[in-house]
Structure formats: structure tokens, C-alpha cells
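Contents: one structure, followed by commentary.
The values are calculated or read from the model by the stated rules, or taken from the named source; none is laboratory data. Just so we're clear, the structure is a prediction, and the values are computed from it rather than from any experiment. Cβ placement follows ideal geometry from the backbone for every residue including glycine, while neighbour counts extend to all protein chains displayed.
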Amino acid sequence: MEKKIAVLSDVLGAPTTLVKAVSVVTYERTDEEWEETSVFSCDDFPRDNPHDLRLLGEAIADELGELKVILGSEISGAPYSALNRSGFLICESEGISDAFFDELFEELEADEDVLKFENPTSAQDAAAMNDERQKAVMTPKQGGTPGYYSIDLKEVQKCDPMMSTKKVLRPFLSETPFVELSILCDHEPPWLETELPGMDLVMESEKTGPNTYKLTISHKTCDA
């Protein structure tokens, strides 16, 4: 794959977020080192809502042309959606260096999904592949033990910030036979506590990090 990467940069040239970026700096691998080849200013673009971010993502894509690898310190939620919709392969890092870029591209070139992303047979194939990725993220996955499922709602929000937890979880809870569903999220959806008793389901909640909860949903037992 072509060794070019765009970095969402702050005033010092360090990776930052789409909301805080003052510029997008493009780097390209030469025979000897990675060289800065262009700078695109973000100063004139508002970033107050998802629509603004989408317009900025489209402007960056137009400016960079065929370059599709972009990196920031953190890219999630609405910024992730904006860049993903603009066709970027998204990477994250707090810092950059020649050695880091070399290692990153070694990993990318060994990833079959990345190769498909880089070389889709048609625009329809690329769109279909993106739809499959979204579907996989938004559907609870069964683990090694039958009946035990899990889903990461943080990843769902990265893929589509507008997707509600009800739309993701309700069909599964009402239609899929399961023993236990584990959910990672940044907060407990209030509707679960209200609706689960009517479905003969119970939920346990455990805070596993500053902004992370693990919810475990299972069927109500006779002594519950």
C-alpha cells in the first residue's frame, strides 16, 4: 500500500482530535525517512455539531484525494462517523515518529481487511463491506459457549453516534434465545431497568473503569 498518512495536528504538530485540530499534516515515506509533504488548515471550519464535523471530514477528503489513512490522538463518536463516512482508514496514537509510522504500516499491510479497504473491486463492494462492518459491530456476538453473547456499545457509538441503545438491544432481547448477554458501555441505559422486568430479565451492573460499565443481562430465576 502507498505509504502516506494524514495526521490531525495541534499547533505543535502532535496528534490531536478532529475537534481540536488546527491542521491536517500529510507525511510520505521516502527511501530514507518520513517527510512532511503538505499542510491543510482547519481553522476556518466550525465544529459545533455532527453536521459541522461531517463537512470538515468531507473537506479533508477532498483535499487529500487518494490518501485514505488518517491518524489522531482519539477519534470516536461523531468525529469517527464523519471521517469514516468520508472513506478514511482511522488510526489512533498520542505521538508520531518515523519508527512508529514504519511499524504502523507493517501492521496495516498485514491486515486483510485493510487490503480489501485499499483495493475494493468497485464502489458498490466498498459500500457493502462498510455495511457488513457496521452490522457486525451492532450485533451481539456469541462467544465460545452457546447462548452467551456480548456487545460493546462504545464501538457501536463509534460506528454510528446516532444509533440508540434501544435500536441495538431491543430486537436481540425480544427475538434471540440466549442465556446471558454482556454489555460494555459508558453509562447504564435507563430504559433497561424499566423494560427488563416485563421481559422476565434481570440485570447486574459493575463499574470497571472511570467511564466504563459492564452490564450482565440474564433470565429471571424462580427465586429472583
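Residues in the range 168-224 that are closer than 20 Å to Val137 by Cα, of a type in the set (Gly, Ala, Ser) and within 21 Å of the chain's Cα centre (by Cα): Ser182 only. When the range 25-40 is examined, which residues are found to be touching a strand residue (DSSP E or B) at 6+ places or on another chain (Cβ under 7 Å) and either touching a residue at least 60 places away in the same chain (Cβ under 8 Å) or not hydrophobic (A, V, I, L, M, F, W, C) (or both)? Listed by number, the residues that qualify are Thr26, Tyr27, Glu28, Trp34, Glu35, Glu36, Thr37, Ser38.
Scanning the range 91-122 for residues that are within 15 Å of Met1 (Cβ to Cβ) and at pLDDT 90 or above turns up Cys91, Phe101, Asp102, Glu103, Leu104, Phe105, Glu106.
Matching residues to (1) buried (at least 17 other Cβ atoms within 10 Å of the Cβ); (2) in contact with a helix residue (DSSP H, G or I) (Cβ under 9 Å, 6 or more places away or on another chain):
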site	(1), (2)
Pro50	no, yes
Arg54	yes, yes
Asp62	no, no
Ile75	yes, yes
Ser81	yes, yes
Arg85	no, yes
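Listed by position, the helices (runs of 4 or more DSSP H) inside the range 145-224 whose residues that are at pLDDT 90 or above and either of a type in the set (Val, Ile, Thr) or touching a strand residue (DSSP E or B) at 6+ places or on another chain (Cβ under 9 Å) (or both) number at least 3 are 165-175.
Name the single residue that is nearest to Ile75 (Cα to Cα) among those in the range 7-24 being surrounded by fewer than 23 Cβ atoms within 10 Å (Cβ to Cβ) and in contact (Cβ under 8 Å) with a residue 40 or more places away in the chain.
Out of the qualifying residues, it is Thr17.
Taking the range 179-194 as the range and being in contact with a Lys or Arg (Cβ under 8 Å, 6 or more places away or on another chain) and not hydroxyl-bearing (Ser, Thr, Tyr) as the test, the residues that pass are Ile183, Leu184, Cys185, Asp186, Pro189, Trp191.
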